[in-house]
């Protein structure tokens, strides 16, 4: 029986990154995934011959020398993916009370553009920009040292985003604008740590990029690199349990009954599911299981995917964040073949699982007319909201389909359709930021529920996890 150095559970972006790092550094790795293909939230779907991104709409920090560019270059995939740089002076338009406020790339540019609307707050904006940059730099330094959070960054973890922004900014409207893209991390000004806001916003302000051809081209590129270096990927294989002997993880058992042995195991799935895979012989205390089970998950999303009539609507190389009772993000996929017209537009809004809980026992495609009517009514609201910035949108739609929290629950297997994993709470940092080294020896954790969500946040955590296994030095090889 073959014994691996590491078995990685879950082939979303976290699992792919961990498997790629460890394989590149000479370890024998098996990446195992219950879905038919790797990718997680990067998975696309097709309708009417068009490939549609399900969840990932843009990535930050990809300019030369920036965090994600260094990491993807280390993996060897930068030239394998068609990244499209968004508008430099307005990669994001925050729409509030009839006004449009630009988020620009580059910290100085970001400050100057917003100061044009809020001249009295220019100094505060500069201090805010310096603060989010500082949090990011301190966090990267923590990765270099292999310690995760540096002592210096703890203040950003235990301070709410609302409190910290108010410290720099006096104008109430500007405070709302700076929180304008909070839909991308479902931020709550009283609960969300400033750390989450700073790491997310700083990444996009450094540089923002879309992906022509679909976000899945990133995960496909990483998967191909894993295989080329001798790593193994097995899909359509569900893990039943994590094997533990003498207090140490020694492998996994699949639902088909196969036992696969390894020196170490990395779980990139939700901590609750990881806990469920550990039997009584794992030594995991019931108090810990209970604490994990009680962790609050982020809300879900409702995504409306619009395939546009050919040549009807011009492509716009920035996102719109529409603030209001129903916050909506509007994003376009880069068109193929150099076309100037949009092919796919996605409208995204937060949605609680409770909104769809009455259909929770149903299966995809069998939820009934009432559910379809519910989705149609909500879709119509989103289109009406989006027409504020995209006039004539409704008449330009060829075809539409949508995804609710039930969709993400059933296809991505996240608890209650949560899109960003465990909610990070500035008042409970020790409970909601989980260490990459688990309570079971040789069992490690990664993924968006551990440290930070999003591509950059998950990558940050993957590096920490692999540093624990490899004994450091990974950050230096990446070039951080």
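Given the options 190, 173, name the one that is more than 16 Å from residue 319 (Cα to Cα), touching a helix residue (DSSP H, G or I) at 6+ places or on another chain (Cβ under 6 Å) and either in the same structural domain as residue 305 (by TED's automatic domain parsing) or surrounded by fewer than 19 Cβ atoms within 10 Å (Cβ to Cβ) (or both).
Just a single option satisfies the conditions, and that option is 190.
Do any strands (runs of 3 or more DSSP E) entirely within segment 296-415 hold 2 or more residues that are more than 19 Å from residue 183 (Cα to Cα), and if so, which?
Filter on segment 296-415 gives 300-308, 397-403.
Any idea how many residues of segment 30-52 are modelled with pLDDT under 95, buried (at least 24 other Cβ atoms within 10 Å of the Cβ) and touching a strand residue (DSSP E or B) at 6+ places or on another chain (Cβ under 7 Å)?
Summing the residues that are modelled with pLDDT under 95, buried (at least 24 other Cβ atoms within 10 Å of the Cβ) and touching a strand residue (DSSP E or B) at 6+ places or on another chain (Cβ under 7 Å) in segment 30-52 gives 1.
Could you pull out the residue among 226, 222, 184 that is within 15 Å of the chain's Cα centre (by Cα), buried (at least 19 other Cβ atoms within 10 Å of the Cβ), over 18 Å from residue 114 (Cα atoms) and in contact (Cβ under 8 Å) with a residue 12 or more places away in the chain? Full working, then the answer.
Numbers: 226 fails: within 15 Å of the chain's Cα centre (by Cα); 222 fails: within 15 Å of the chain's Cα centre (by Cα).
Among 226, 222, 184, only 184 is within 15 Å of the chain's Cα centre (by Cα), buried (at least 19 other Cβ atoms within 10 Å of the Cβ), over 18 Å from residue 114 (Cα atoms) and in contact (Cβ under 8 Å) with a residue 12 or more places away in the chain.
Given (1) at negative phi; (2) in contact with a strand residue (DSSP E or B) (Cβ under 7 Å, 6 or more places away or on another chain), where does residue 172 come up short, assuming only one miss?
The single condition residue 172 does not satisfy is (2).
Out of 294, 206, 237, I need the residue that is surrounded by fewer than 19 Cβ atoms within 10 Å (Cβ to Cβ) and more than 26 Å from residue 404 (Cβ to Cβ). Which one?
237
The values are calculated or read from the model by the stated rules, or taken from the named source; none is laboratory data. What you see is a predicted model; the values in this text were computed from it and never measured. Note: ideal-geometry Cβ built from the backbone for every residue, glycine included; neighbour counts use all protein chains shown.
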